[in-house]
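K.L.:
My structure is below; once you've seen it, I'll send some questions.
Coordinate-derived values only; no laboratory data. What you see is a predicted model, and the numbers here were worked out from it, not measured in a lab. Ideal geometry is used to build each Cβ from the backbone, glycine not excepted, and the neighbour counts take in all protein chains shown.
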Amino acid sequence: MDLNRLTIHEAHELLSKREISSVELTKAVLHRIEEVEEKVRAYLTVDEDRAIEMSKKVDEEGDFSSPLSGIPVAIKDNICTRDLKTTCASRILANFVPPYDATVSERLKAKKAVIIGKTNMDEFAMGSSTENSAFFATRNPWDVDRVPGGSSGGSAAAVAADECIYALGSDTGGSIRQPASYCGVVGLKPTYGRVSRYGLVAYASSLDQIGPLTKDVTDCALVLNAIAGWDERDSTSANLPVPDFTKSLVEDVKGMKMGLPKEYLGEGVEPEVKEAILSAARVFEKLGASVEEISLPHTEYALWAYYIIAPAEASSNLARYDGIRYGVRAKDYEDLLDLYKKTRSEGFGREVKRRIMLGTYALSSGYYDAYYLKAMKVRTLVKADFDRAFEKYDLIIAPTAPTPAFKLGEKTGDPLKMYMSDVCTIPVNMAGLPAISIPCGFSGGLPIGLQIIGKPFDEATVLRAAYTFERATDFNSRKPAL
Amino acid sequence: MKINIETVEHVANLARLYLSEEEKAEMANTLSSILDYMDKLNELDTTDVPPTAHIIPLKNVFREDVVKESLPREEVLKNAPEKERGFFKVPRIIED
């Protein structure tokens with residue numbers, strides 16, 4: 001048996017019965033990394049020694065009461081892990097070793113998770129293909145000539161290639177869901193505020209959210225249970241009770257009302273993707289849910305408002321990289337200003353500079369009202385579309401991305417084309433809603449993702465629908481041949 | 001919206017970036033075309049629409065101001081590119 005192929009709940013069962021040890025499981029994952037990493041390149045850092053050490057400790061203690069105990073996890077490289085390099089796939093943080101854990105890292109450690117390594121991403125989470133990594137591009141395990149999506153492409157690829165049991169990613173405009181869709185895995189962006197952002201390197205603070213990438217919906221619920229909840233250190237985390245999400249793992253969508261927004265199936269959506277989403281709708285109908293066409297009229301504006309708001313917040317957040325307190329400092333400089341400028345110019349990649357420039361422009365004197373204020377008003381309209389829909393519907397279903405995974409290099413020359421690949425996911429971040437991507441079909445051997453969007457803080461219903469769909473279909477059972 | 005090289009230089013200075021001539025030209029082009037798309041937003045009348053900066057209706061989250069242990073100085077300085085006697089080291093900014 002290839003232990004690295006197990007899900008969390010399968011591994012947990014075997015660990016609890018002492019049929020396998022955490023060391024065996026961890027070694028199986030490390031062996032898999034050795035075997036396929038040259039092709040996939042999902043990891044920036046593999047923390048082999050400490051992972052083995054941790055798994056030994058868990059085995060010795062023998063306490064497998066936590067469902068994550070002794071199970072290897074891969075963490076996106078913009079989530080701080082104490083004493084383990086966290087680079088954001090940027091030259092400017094190439095040597096950064098955090099002196100503290102992000103709240104999610106701390107929570108996973110408290111559950112005795114085994115951190116196997118840090119995954120590749122688009123630099124500072126800015127991108128949709130993981131090609132913007134300052135170090136190397138990650139490949140899609142289903143077709144290594146294609147991108148894994150982004151920005152959590154390393155996490156999605158590592159899960160799809162069984163180079164970990166599960167992973168964490170972050171999602172600002174689709175960065176968990178779009179790569180999950182491209183790699184045929186499950187990816188959940190929780191409601192904004194559900195999971196603490198403390199220790200997540202900030203990109204766009206009003207949109208960023210951490211979430212799980214897993215092999216099935218059950219695992220997704222297990223990980224969310226572990227990481228969700230209020231945190232004093234993140235003032236935007238919600239002080240609300242967290243339900244036990246495993247209670248949502250029931251096969252029942254009877255009487256559920258689902259909306260299918262026509263704007264998500266329009267121009268630019270590949271016919272195979274549209275067909276897969278429509279058949280997913282039929283699956284739900286057969287299981288007793290009702291699906292009706294709805295309209296979210298401000299959908300197309302959401303994308304452009306996002307590309308003002310996110311860069312504006314980024315330009316402010318990334319001002320901290322100045323070569324003084326951490327990160328890489330430029331070598332020769334004349335004075336302090338020259339030090340700042342040289343450090344930032346050498347340290348940031350092209351897309352990061354582009355977004356800093358765009359954001360600085362949108363916030364600069366004379367343009368603030370025309371761009372930033374306008375975008376925030378459009379955000380209100382985007383959110384109002386969803387509010388109206390959720391008065392009548394329990395869930396909204398849509399494609400996660402308009403196409404399956406594209407080829408490496410296909411969109412790197414045209415940022416606008418790259419931005420379009422997030423058109424189905426961005427509105428959800430703008431409204432702060434929870435949404436999952438689960439496999440729902442294939443086009444030419446490449447996975448297609450179904451996006452299920454829920455009401456604020458109603459991950460439970462999202463998970464229930466996703467679980468029901470997963471059990472009723474077999475898209476989840478296919479694995480890439482690497 | 002057409003962005004010219006002078007605007008690019010002005011914004012680059014605000015953002016504390018040096019750009020090569022080639023980067024400036026590329027930046028002027030892409031920013032212009034991105035901002036052209038942004039102009040689509042003007043199709044919407046938002047006169048009476050309030051802005052949403054944040055999705056959660058939160059204002060000034062306070063906590064008690066209590067003294068707590070912070071990270072040890074050595075830990076904090078571990079990542080500093082240059083340090084001296086327990087401080088971050090920066091170039092001189094005050095003339096003699």
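K.L.:
Could you list, in sequence order, all residues of region A:303-329 that are part of a loop (DSSP other than H, G, I, E, B) and more than 9 Å from every other protein chain (Cβ to nearest Cβ)? Talk me through it step by step, then tell me what you get.
P.N.:
Of all residues in region A:303-329, those part of a loop (DSSP other than H, G, I, E, B) come to A:321-329.
Listed by number, the list holds a single entry, A:Tyr321.
K.L.:
Let me ask something else. Would you pick out the residues in region B:1-23 that are within 10 Å of another protein chain (Cβ to nearest Cβ), farther than 17 Å from A:Ala319 by Cα and part of a helix (DSSP H, G or I)? It would help to see each step written out before you state the result.
P.N.:
Start the filter on region B:1-23 by keeping residues that are within 10 Å of another protein chain (Cβ to nearest Cβ), which leaves B:1, B:3, B:7-8, B:10-20, B:23.
From what's left, farther than 17 Å from A:Ala319 by Cα: B:1, B:3, B:7-8, B:20, B:23.
B:Thr7, B:Val8, B:Glu23, listed by residue number.
K.L.:
Of everything in region A:331-354, what is assigned to a helix (DSSP H, G or I) and more than 8 Å from chain B (Cβ to nearest Cβ)? Give them in sequence order. Quick ask: steps written out before the conclusion?
P.N.:
Taking region A:331-354 first, the residues assigned to a helix (DSSP H, G or I) are A:336-347, A:350-354.
Across region A:331-354, the qualifying residues are A:Asp338, A:Thr343, A:Glu346, A:Gly347, A:Glu351, A:Val352.
K.L.:
Would you mention how many residues in region A:393-452 are of a type in the set (A, V, I, L, M, F, W, C) and within 14 Å of another protein chain (Cβ to nearest Cβ)? So that I can check it myself, show each step before the final result.
P.N.:
Quick first cut of region A:393-452, residues of a type in the set (A, V, I, L, M, F, W, C) only: A:395-398, A:401, A:405-406, A:408, A:416, A:418, A:420, A:423-424, A:426, A:428, A:430-431, A:433, A:435-436, A:438, A:440, A:442, A:446, A:448, A:450, A:452.
Next, only the ones that are within 14 Å of another protein chain (Cβ to nearest Cβ) stay: A:416, A:418, A:420, A:423, A:426, A:428, A:430-431, A:433, A:435.
Total meeting the criteria: 10.
K.L.:
Within the group A:Ala102, A:Ala89, which residue is under 26 Å from A:Asn140 (Cβ atoms) and either among the small types (Gly, Ala, Ser) or touching a Phe, Trp or Tyr at 6+ places or on another chain (Cβ under 6 Å) (or both)? So that I can check it myself, show each step before the final result.
P.N.:
Values: A:Ala102 fails: under 26 Å from A:Asn140 (Cβ atoms).
That would be A:Ala89, the only listed residue that is under 26 Å from A:Asn140 (Cβ atoms) and either among the small types (Gly, Ala, Ser) or touching a Phe, Trp or Tyr at 6+ places or on another chain (Cβ under 6 Å) (or both).
K.L.:
Residues that are of a type in the set (Val, Ile, Thr) and over 20 Å from the mean Cα position of the chain (by Cα), at least 1 per element: which helices (runs of 4 or more DSSP H) completely within region A:16-122 meet that? If you could, list the steps in order and put the result at the bottom.
P.N.:
Working: elements: A:22-40, A:48-61, A:103-110.
Helices (runs of 4 or more DSSP H) meeting the threshold: A:22-40, A:48-61.
K.L.:
Looking at A:Ala134, is it hydrophobic (A, V, I, L, M, F, W, C), more than 13 Å from A:Glu37 (Cβ to Cβ), in contact with a helix residue (DSSP H, G or I) (Cβ under 6 Å, 6 or more places away or on another chain) and surrounded by fewer than 24 Cβ atoms within 10 Å (Cβ to Cβ)? Quick ask: steps written out before the conclusion?
P.N.:
Details: hydrophobic (A, V, I, L, M, F, W, C): yes; more than 13 Å from A:Glu37 (Cβ to Cβ): yes; in contact with a helix residue (DSSP H, G or I) (Cβ under 6 Å, 6 or more places away or on another chain): yes; surrounded by fewer than 24 Cβ atoms within 10 Å (Cβ to Cβ): yes.
Yes: the conditions hold for A:Ala134.
K.L.:
Could you check, for region B:64-84, whether at least one of its residues is farther than 30 Å from A:Leu336 by Cα, facing chain A (nearest Cβ under 10 Å) and either out of contact with any Ser or Thr (no Cβ under 6 Å at 6 or more places or on another chain) or in a loop (DSSP other than H, G, I, E, B) (or both)? Let's see the steps before the verdict.
P.N.:
Going residue by residue through region B:64-84, those that are farther than 30 Å from A:Leu336 by Cα are B:64-69.
Narrowing the set further to residues that are facing chain A (nearest Cβ under 10 Å) leaves none.
Within region B:64-84, not a single residue is farther than 30 Å from A:Leu336 by Cα, facing chain A (nearest Cβ under 10 Å) and either out of contact with any Ser or Thr (no Cβ under 6 Å at 6 or more places or on another chain) or in a loop (DSSP other than H, G, I, E, B) (or both).
K.L.:
So, one more: Hey, can you tell me all the residues within region A:67-95 that are more than 24 Å from A:Arg32 (Cα to Cα), surrounded by fewer than 21 Cβ atoms within 10 Å (Cβ to Cβ) and either within 12 Å of another protein chain (Cβ to nearest Cβ) or out of contact with any helix residue (DSSP H, G or I) (no Cβ under 8 Å at 6 or more places or on another chain) (or both)?
P.N.:
Once the filter is applied, which keeps residues that are more than 24 Å from A:Arg32 (Cα to Cα), surrounded by fewer than 21 Cβ atoms within 10 Å (Cβ to Cβ) and either within 12 Å of another protein chain (Cβ to nearest Cβ) or out of contact with any helix residue (DSSP H, G or I) (no Cβ under 8 Å at 6 or more places or on another chain) (or both), region A:67-95 yields A:Arg82, A:Asp83, A:Ala94, A:Asn95.
K.L.:
Can you say whether B:Lys40 is at the interface with another protein chain (Cβ under 8 Å from one of its Cβ atoms) and assigned to a helix (DSSP H, G or I), as far as the supplied structure shows? I'd like the intermediate steps shown before the answer.
P.N.:
Values: at the interface with another protein chain (Cβ under 8 Å from one of its Cβ atoms): yes; assigned to a helix (DSSP H, G or I): yes.
Here the answer is yes, as B:Lys40 does meet what is asked.
K.L.:
Every residue in region A:325-359 that is touching a helix residue (DSSP H, G or I) at 6+ places or on another chain (Cβ under 8 Å) and among the aliphatic types (A, V, I, L, M), please.
P.N.:
Matches in region A:325-359: A:Val328, A:Ala330, A:Val352, A:Ile356, A:Met357, A:Leu358.
K.L.:
So, one more: Restricting the search to region A:24-39, which residues are over 19 Å from A:Leu3 (Cα atoms) and touching a residue at least 40 places away in the same chain (Cβ under 8 Å)?
P.N.:
Initial filter on region A:24-39 (over 19 Å from A:Leu3 (Cα atoms)): A:38-39.
Answer for region A:24-39, where residues must be over 19 Å from A:Leu3 (Cα atoms) and touching a residue at least 40 places away in the same chain (Cβ under 8 Å): just A:Lys39.
K.L.:
Looking only at region A:1-29, filter to residues that are in contact with a strand residue (DSSP E or B) (Cβ under 7 Å, 6 or more places away or on another chain) and closer than 13 Å to A:Ala51 by Cβ; which one of those is surrounded by the most Cβ atoms within 10 Å (Cβ to Cβ)? Talk me through it step by step, then tell me what you get.
P.N.:
Applying the first criterion (in contact with a strand residue (DSSP E or B) (Cβ under 7 Å, 6 or more places away or on another chain)) to region A:1-29 yields A:8, A:22, A:25-26, A:29.
Those still in the list that are closer than 13 Å to A:Ala51 by Cβ too: A:22, A:25-26, A:29.
On the way: A:Ser22: 27, A:Leu25: 24, A:Thr26: 27, A:Val29: 30.
Ranking the qualifying residues of region A:1-29, first place goes to A:Val29.
K.L.:
All but one of (1) touching a residue at least 24 places away in the same chain (Cβ under 8 Å); (2) over 23 Å from the mean Cα position of the chain (by Cα) hold for A:Glu270; which doesn't?
P.N.:
(2)
K.L.:
Could you please find all residues in region A:278-302 being within 11 Å of another protein chain (Cβ to nearest Cβ) and surrounded by 20 or more Cβ atoms within 10 Å (Cβ to Cβ)? Before the answer, list the steps.
P.N.:
First, the residues of region A:278-302 that are within 11 Å of another protein chain (Cβ to nearest Cβ): A:297-298, A:300-302.
A:His298, A:Tyr301, A:Ala302, listed by residue number.
K.L.:
If you don't mind, another one. Return the residues of region A:53-66 that are touching a helix residue (DSSP H, G or I) at 6+ places or on another chain (Cβ under 6 Å) and among the aliphatic types (A, V, I, L, M); say none if nothing qualifies.
P.N.:
A:Val58
K.L.:
Of the residues that make up region B:68-88, is at least one surrounded by fewer than 16 Cβ atoms within 10 Å (Cβ to Cβ), hydrophobic (A, V, I, L, M, F, W, C) and closer than 30 Å to A:Thr380 by Cβ?
P.N.:
No: region B:68-88 contains no residue that is surrounded by fewer than 16 Cβ atoms within 10 Å (Cβ to Cβ), hydrophobic (A, V, I, L, M, F, W, C) and closer than 30 Å to A:Thr380 by Cβ.
K.L.:
Between residues in region A:379-396 that are farther than 16 Å from A:Glu263 by Cα and residues that are among the acidic types (Asp, Glu) and in a helix (DSSP H, G or I), which pairs lie under 9 Å by C-beta distance while being six or more apart or on different chains?
P.N.:
Filtered contacts from region A:379-396: no entries.
K.L.:
Just give me the residues in region B:43-63 being of a type in the set (Asp, Glu) and more than 9 Å from chain A (Cβ to nearest Cβ), in sequence order.
P.N.:
Filtering region B:43-63 for residues of a type in the set (Asp, Glu) gives B:43, B:45, B:48.
Across region B:43-63, the qualifying residues are B:Asp45, B:Asp48.
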